[in-house]
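Trainee: Take a look at this one; I'll ask things after.
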Amino acid sequence: MLMLMPAHDASDFIDSDFESAHQAAVPAPSPDAPRPANRPPTGEEIEAMVSQKHIKLAELKRAQEELERERASLEELRRRQMEFQTGRAEMLQHLTRGIGLLEEAELTARRETDQMARTLGEFRQAVSKVQSLNEQIWTQDNFSVELTRALTTLENARMEWNAARLKFAILSDVPPVQSDAAAPKTSLFPPADAGLGQLCKIGFAVTLPLVLVGLAILVVLLLRK
């Protein structure tokens, strides 16, 4: 006698607890994981990819800002380097030219100082020589010689003075001293309307020095005999 088995559904052979545990153990597919061909991305995958792009954009922005800072720093460094090179060349040119000008000026000033020192010494010697001239101690015997020597001393002093005035502009401001030669001269000839008394006075004044000189010579000759 055949016994009929009761009919069973396919769901009766699936363990629901096992299936839930199995699904929990399987990880969710990664957005970067290769998808099966011809399968469109899911909403979760698109959201994950958008988040990753935002993160990459933020990283790129930070990298760009860092590069901008490095570029600005390098540009400032280049500007300072160019300023250093230009300033060094400029100052070397100015200082070299300044050294040349100052050396030339120093040499000129040193020459002028040496000339001024020599002229000062010559002036002091000339002053000493001129001051030593004393006509009070001249005698009749050496009068002509001493007078010639004194005139030579004065002429040498005058030449030194004129030469120094050409060298040093400061001496050009010294006013000239009026000498006896520049003083008004008295005419040796009497005026046309002079009377007899005036003519006698003029004649006496002219002949008196000659008479005195003749008498002095006569006395000297008598004393030598």
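Trainee: As an exercise: evaluate GLU160 against (1) touching a residue at least 12 places away in the same chain (Cβ under 8 Å); (2) within 34 Å of the chain's Cα centre (by Cα) and give the number of the one condition it does not meet.
Mentor: Among (1) touching a residue at least 12 places away in the same chain (Cβ under 8 Å); (2) within 34 Å of the chain's Cα centre (by Cα), the lone unmet condition for GLU160 is (2).
Trainee: OK, next. Among the candidates SER144, SER132, single out the residue that is surrounded by fewer than 10 Cβ atoms within 10 Å (Cβ to Cβ) and of a type in the set (Ser, Thr, Tyr).
Mentor: On the way: SER144 fails: surrounded by fewer than 10 Cβ atoms within 10 Å (Cβ to Cβ).
Of the residues listed, the single one that is surrounded by fewer than 10 Cβ atoms within 10 Å (Cβ to Cβ) and of a type in the set (Ser, Thr, Tyr) is SER132.
Trainee: Pull up the stretch 81-139, narrow it to residues that are hydroxyl-bearing (Ser, Thr, Tyr) and farther than 30 Å from LYS167 by Cα, then point me to the one that is modelled with the lowest pLDDT.
Mentor: Top of the filtered list is THR139.
Trainee: Let me ask something else about it. Could you list, ordered by first residue, the pairs with Cβ atoms under 6 Å in which the first is in the stretch 118-143 and on the phi < 0 side of the Ramachandran plot and the second is hydrophobic (A, V, I, L, M, F, W, C), at least 6 apart or interchain?
Mentor: THR119/ALA164; ALA126/ALA157; VAL130/ALA157; LEU133/ALA150
Trainee: Of the residues GLU76, GLU104, GLU68, GLU45, only one is more than 45 Å from the chain's Cα centre (by Cα) and assigned to a helix (DSSP H, G or I); which? Quick ask: steps written out before the conclusion?
Mentor: Details: GLU76 fails: more than 45 Å from the chain's Cα centre (by Cα); GLU104 fails: more than 45 Å from the chain's Cα centre (by Cα); GLU68 fails: more than 45 Å from the chain's Cα centre (by Cα).
Answer to the selection: GLU45.
Trainee: Pick from the stretch 161-195 the residues that are among the acidic types (Asp, Glu) and outside any loop (DSSP other than H, G, I, E, B): which of them is modelled with the highest pLDDT?
Mentor: ASP173
Trainee: Scan the stretch 149-160 and give yes if some residue there is under 30 Å from ALA216 (Cβ atoms), surrounded by 10 or more Cβ atoms within 10 Å (Cβ to Cβ), modelled with pLDDT under 90 and hydroxyl-bearing (Ser, Thr, Tyr), otherwise no.
Mentor: No - not one qualifying residue is present in the stretch 149-160.
The values are calculated or read from the model by the stated rules, or taken from the named source; none is laboratory data. Given the structure is predicted, the values throughout are model-derived calculations rather than measurements. As a convention, Cβ positions derive from the backbone with ideal geometry for all residues, glycine included, and neighbour counts pool all protein chains shown.
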